[in-house]
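Notes to accompany the following structure.
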Amino acid sequence: MGIVTVITSGKGGAGKSTVTAGLGCALARLGKNVVLLDGDAGLRSLDLMLGISDRAVFDMSDIFEGNCEPIRAIYPSPACEGVSVVPAPVSLDRMCSPDDMRRLCGGFARYYDHVLIDCPAGIGGGFECAVAGASRALVVTTPDMVCARDAQIVGNLLESRKIPARLIINRLRPAPVLAGKMPDVDEIIDISGLQLMGIIPEDEEVAIANANGNPLPTRSNAAVCFVNIARRYLGEYVPIAKLEKMY
Ligand SMILES: Nc1ncnc2c1ncn2[C@@H]1O[C@H](COP(=O)(O)OP(=O)(O)OP(=O)(O)O)[C@@H](O)[C@H]1O
Ligand SMILES: [Mg+2]
């Protein structure tokens, strides 16, 4: 059976969709068969990031409503071989129930090594639905106090649902951290109360790729960090890079 992981954050804009796409592509580069479920009903992103938006006719809600065979709502990404995407429903009122999501994830886990769910921001109904079928979680935070505290709140919610969670610090800028002008990695870990899985630096290649719907260049800083996170996720020992080497 494959592993079902929800990527969440609490606070909006921390980089959940970026991490879902980046980690998915990294796992595929390591030979894994990956499907990404966009759980952000009404505000979908993965279809654009993975280059399938012009072909996406069906979405997750069509599977639940029986409008199509599940296979017709799964779109292989031309941008990243080995990664497929199930787009989110186009409107919020077509979002699934947690039970639907549990069934869907169970089904996908039979055919894919990894099922990654891109969670919407917040801790309301969309969150409940996105986490329903997950057996693991990655909580994304940016290196600021508010986002890290939201990560802690989300971490507690996941713990109460017995879903083990690890932390990803996204958009880290080493220079202000090293100059003592921003909280350092240890402070963010302390506030979030979660064990660190990896760090993604602020990287303009991410912004450029996302803005144009292109895959992240494989030699970019962020893509290398995603591969390191993927290898850690698969159980390999990969040390966290020193801040100075992230530029
Ligand atoms: N490491 C990074 N370096 C540079 N830009 C980044 C990085 N990570 C994310 N971004 C940018 O930050 C913005 C928000 O990222 P993203 O959409 O992944 O966040 P999100 O948590 O999914 O947001 P939402 O809560 O709205 O779903 C995007 O414009 C993205 O390009
Ligand atoms: Mg998103």
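What follows draws every value from the coordinates through simple rules; no lab data is involved. From a predicted model like this one, the values you see are computed outputs, not experimental measurements. Neighbour counts are summed over all protein chains in view; Cβ atoms, including those assigned to glycine, are modelled from backbone coordinates with ideal geometry.
So here's what we get for this one:
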quantity: Given charges at beta-carbon only (K, R positive; D, E negative), |dipole| of the chain in Debye; calculated: 540
quantity: Against the rule of thumb 2.2 N^0.38 Å, how large the Cα Rg of segment 13-83 comes out; calculated: 1.10
quantity: Quotient of C-alpha Rg and 2.2 N^0.38 Å, computed over segment 128-247; calculated: 1.09
quantity: Sequence-distant residues sharing a close amide H with Leu172 (under 5 Å, placed H); calculated: Ile200, Glu202
quantity: Computed P(r) (all Cα pairs; segment 103-166; 5 Å bins; percent); calculated: 3, 16, 28, 25, 16, 7, 4, 1
quantity: Percentage of interatomic Cα-Cα distances in the chain larger than 25 Å; calculated: 37
quantity: Charge-dipole axis of the chain as Lys and Arg at +1 and Asp and Glu at -1 on Cβ define it, positive-most pick from Asn170, Cys147, Met101; calculated: Asn170
quantity: Cα-based reach from Lys242 at 26 Å (exclusive), listing lysines while leaving out same-chain residues under 8 positions away; calculated: Lys16, Lys181
